[in-house]
1. Take the residue pairs K105/K130; K40/K63; K164/K206 and return only those whose Cα atoms are more than 26 Å apart.
2. Can you list the HN-Hα couplings for the range 176-190, worked out from phi with the Karplus curve (6.51, -1.76, 1.60; θ = phi - 60°), rounded to whole Hz and with x for Gly and Pro?
3. From the Cα gyration tensor of the range 152-213, with a ≥ b ≥ c the square roots of its eigenvalues, which class applies: rounded if a/c is under 1.5, or else prolate if a/b is larger than b/c, or else oblate?
4. How much net charge surrounds Y177 when only other residues with a Cβ under 12 Å from its Cβ are counted (Lys, Arg +1; Asp, Glu -1)?
5. Local charge sum around R95 (other residues, Cβ-Cβ under 13 Å, Lys/Arg +1, Asp/Glu -1)?
6. Using the alpha-carbon centroid of each, what span in Å lies between the range 16-66 and the range 186-203?
7. Arrange the peptides 149-157, 67-75 so that the one whose residues have, on average, the most other Cβ atoms within 10 Å appears first.
8. In a shell of Cβ-Cβ distance under 15 Å around M124, excluding M124 itself, what net charge do Lys and Arg (+1) and Asp and Glu (-1) give?
Amino acid sequence: MLLFIDDAMSHMDDYILKYKSEALETFNEWKALREKESGKHVKRFRTDGGGEYTSKKFAHDLKSEGILKETTTPYTPQSNEVVERANRMIMERVRYMLDDAGLSKMYCAFALLVPVYLKNRTPMQSVVGKTQYEVWHGRKPFLKHLRVFGCLAFVHIPKEKRKKLDDRATPGIFVGYSISTKQYFIYDPLGKTFPSSRDVVLREGKRYTGPNAADQAIWNEHFYRDDIEDPKPTAKQATESETEEPLDDDSPPDPPKPKRSHDSWLAMSRHLEMHESRQPKEVTETMLVSWQSLHDWLSKIRNSGI
């Protein structure tokens, strides 16, 4: 983050940089904007000893513009206390906002712009009853559009961009304000885009909750595929005999048990019924034969005179 503070009016401007090498280009952009807006010129530029400010190209551009370059003493941040205190204030508020909104650190770049936007519209001690915005622009700021950072937002989708059964709004996260246009910054986590629209509904006190992963998978499975295939049959589970491991000895395996159908069971039951019906008769005949044999043996002994 590159922060510019006007020493006379305490008006702040911050820019998010991807690389430190972009500092010179950003400074020239800020300088052209504020000089043309105020009608005054930058006379002094105070920075720390960072490499992005001490390069030869940066020093050459400042010298060519007639700007006095002031560099603070190493390891003495109090020499540039105005900017250092502003940086501490911004980082503290960023941590509070991210924690309150339940957002991760990936939203830090968005959160860095909001404290500066609000600070310029807050009354200051140097000028009683006025804000930095009012002193700089000469008019009071509009504050009715301020909302809670990180709240749930719905962005209207124009009818030219949707079909008959599509949703009329896109849910997202409110992440900031636009300075150049009259609109909010709404981030869509699913589409990873910033939908632009003047029709936005913000639900303060509610957080954005993305769809559940399981519900999203079911939605994609049934609504976003062209052909729905028939379910494939599952593989037959192996029985206990099929999964049984062979024995270590050389004994022959047991013969497989014959499979009995319904007809074989019916024939067996009939055979048992017939056997039970003949059993009393067979037992009686066996007993008669036994008594006859015993009678003949006794008669033989009596006749022999033993």
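Read-outs throughout are calculated quantities, based only on the coordinates presented, and are distinct from any laboratory measurement. As the structure is a prediction and not an experimental result, all values here were calculated from the model. Neighbour counts run over all protein chains shown; Cβ positions are idealised from the backbone, glycine included.
1. Numbers: K105/K130 34 Å; K40/K63 18 Å; K164/K206 28 Å.
Violating the 26 Å Cα-Cα cut-off are K105/K130; K164/K206.
2. In residue order, the calculated couplings are x, 10, 9, 8, 7, 10, 8, 7, 8, 8, 10, 9, 9, x, 6 Hz.
3. Values: a/c = 1.76, a/b = 1.10, b/c = 1.60.
Because a/c hits 1.5 or more and a/b fails to exceed b/c, the range 152-213 counts as oblate.
4. Values: positive: R121, R147, K182; negative: none.
Its environment carries a net charge of +3.
5. On the way: positive: R88, R93, K105; negative: E92, D99, D100.
Residues near R95 contribute 0 overall.
6. 34 Å
7. Numbers: 149-157: 20.0, 67-75: 12.4.
Those peptides, ordered most packed to least, come out 149-157, 67-75.
8. Numbers: positive: R85, K119, R121, K130, K140; negative: D6, D7, E134.
With Lys, Arg at +1 and Asp, Glu at -1, the net is +2.
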